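Scroll down for the structure; my scribbles are underneath it.
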Amino acid sequence: MQVFKFGGASVKNAEAVKNVAHILGLHGDEKILVVVSAMGKTTNELEKIVEGYINQSDDLKTLVDSLKKYHSDIVNQLFNEPNPSLNEALEKIFGYLEKRLTIPPSDNFDLNYDQIVPVGELLSTKIIASYLNLNSNLCQWVDARKLILTDSRFRKANIDWELTEMAIQGLDWEQNILVTQGFIGGTKGNFMTTLGREGSDFTAAIFANALNAKSVTIWKDVPGVLNADPKYFNNTEKLEEISYKEAIELAYYGASVIHPKTIKPLQNKKIPLHVKSFLNPEELGTVISENFEKDGLIPCYIFKTNQVLVSFSTKDFAFISEKHISQIFDTLYGLGLEVNTMQNSAINFSINTSFEKNKLEALMKVLENQYAIKYNDGLDLLTIRHYNDEIIKVLTKGRKILLEQRSRNTVRLLMR
Ligand code: ASP
């Protein structure tokens, strides 16, 4: 059996959903578990709804209505005849959302988020499963909240591997195609959880690991893993084949093509990962496997925008010790702030993380009694794998570099 993952762009409108059916049709009677994201930019829209809910904004109804319209337009274009069971399912999901928005928000932002944002995946999978069933790709809708079992670390939930594996292996395959939601999970107490933005890739890898799948394919709007994000760089090149190790490094540094947690569950069972274009499904994309022969042939550039450099200095001129660093890291972990780069000197310790205003303010509040804390925001972090001096010169021209780190294969430059 194989696992396929379709991201938001691959299901963003009726035509795209038809293309998913076409791709599945190319695979005959094979057993396929299909992991689907929310349609188009739905997750971003739901994030706005969460903000509106917490601030009790007047736009809340408009935002929900526009989400309804977006989905019902797709449904109307997909189905020539009314589909009462689908309509009922969608009404139930929107009914849940509207009811949730009338409950006073909890103080825990992440808990609120996780009870609202998964609605996107629930909607998309209901629509897609209905469409496939009407078009002879018989399939079964399965609820990821009952299969991907997690703790209650909302927005960055940790998988309970034992329970998850048991639940997935106990699945009853009534059809060759199972359709489920990416990105979302559930706790023992029936709360919904999420695995981090773009987490559907990770979901696909979890299913593949538990089911010992032959392979995973992530269907994208690019031809495979590119050596840079076309949003920031011209003349990108496709990497035909890379090793798990190279892929996990690229994803970790921020290459947005794969969620960083995707690789481990696949590497552990030696399951190859294909990244292919949903626009040209017959074309070879990128294969990620144990084979490392082609690693490093092409330099890779990874750009992270909206970065901040935070520096902590001891107030009494004491050296920064491991004890200080462990306290700072404890606070960062508690707040869910991820460190991208770090550096220490005698009385100063600096970390670079993505800018999240609320979390940064909370960090300062916890630690400002002990440290003088300063930060520089609006920075970009450029990582180059397999660099050379010429490339660095070109890419840093006119920029002010605040922090630079080099190893044999990788250079990281935090710059304004
Ligand atoms: N829908 C979620 C997001 O946009 C998860 C995913 O697509 O992987 O982040």
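Can you spot a residue in segment 180-195 that is in a helix (DSSP H, G or I) and either within 13 Å of the ligand (Cβ to nearest atom) or surrounded by fewer than 22 Cβ atoms within 10 Å (Cβ to Cβ) (or both)?
no
Being more than 20 Å from the chain's Cα centre (by Cα), farther than 17 Å from LEU363 by Cβ and open to solvent by less than 40 Å² (accessible area, probe 1.4 Å) is the filter here, so list the residues in segment 300-316 that pass it.
Once the filter is applied, which keeps residues that are more than 20 Å from the chain's Cα centre (by Cα), farther than 17 Å from LEU363 by Cβ and open to solvent by less than 40 Å² (accessible area, probe 1.4 Å), segment 300-316 yields only CYS300.
For every residue, the table says whether it meets (1) modelled with pLDDT of 95 or more; (2) assigned to a loop (DSSP other than H, G, I, E, B); (3) within 16 Å of the ligand (Cβ to nearest atom).
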| position | (1), (2), (3) |
| --- | --- |
| MET39 | yes, yes, yes |
| SER57 | no, yes, no |
| ASP65 | yes, no, no |
| GLN77 | yes, no, no |
| ILE93 | yes, no, yes |
| TYR96 | yes, no, no |
| PRO104 | yes, yes, no |
| ASN112 | yes, no, no |
| ALA129 | yes, no, no |
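Got a number for residues in segment 8-44 being open to solvent by less than 10 Å² (accessible area, probe 1.4 Å), farther than 17 Å from TRP173 by Cα and not β-branched (Val, Ile, Thr)?
Residues in segment 8-44 being open to solvent by less than 10 Å² (accessible area, probe 1.4 Å), farther than 17 Å from TRP173 by Cα and not β-branched (Val, Ile, Thr): 4 in total.
Which residue is farthest from LEU335 (Cα to Cα), if the candidates are limited to segment 138-169 and must be assigned to a helix (DSSP H, G or I) and open to solvent by 30 Å² or more (accessible area, probe 1.4 Å)?
Once the filter is applied, the top-ranked residue is GLN169.
Let's see how each residue does on (1) within 30 Å of VAL119 (Cβ to Cβ); (2) touching a residue at least 24 places away in the same chain (Cβ under 8 Å); (3) part of a loop (DSSP other than H, G, I, E, B):
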site: THR203; (1), (2), (3): yes, yes, no
site: PHE207; (1), (2), (3): yes, yes, no
site: ALA228; (1), (2), (3): no, yes, yes
site: ASN234; (1), (2), (3): no, no, yes
site: ALA247; (1), (2), (3): no, yes, no
site: ALA251; (1), (2), (3): yes, no, no
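Condition first: touching a strand residue (DSSP E or B) at 6+ places or on another chain (Cβ under 7 Å) and either over 16 Å from PRO118 (Cβ atoms) or more than 9 Å from the ligand (Cβ to nearest atom) (or both). Now tell me which residues in segment 6-22 satisfy that.
PHE6, SER10, VAL11, VAL20
Going through segment 258-286 one residue at a time, which ones are part of a loop (DSSP other than H, G, I, E, B) and buried (at least 21 other Cβ atoms within 10 Å of the Cβ)?
ILE258, HIS259, ILE271, PHE278, GLY285, listed by residue number.
The values are calculated or read from the model by the stated rules, or taken from the named source; none is laboratory data. No experiment lies behind these values; they were computed from the predicted model shown. All Cβ positions, even for glycine, are placed from backbone atoms using ideal geometry, and neighbour counts span all protein chains on display. These area figures cover heavy atoms from the full protein model, side chains too; ligands, DNA and RNA do not enter into them. Shrake-Rupley method; radii C 1.70, N 1.55, O 1.52, S 1.80 Å.
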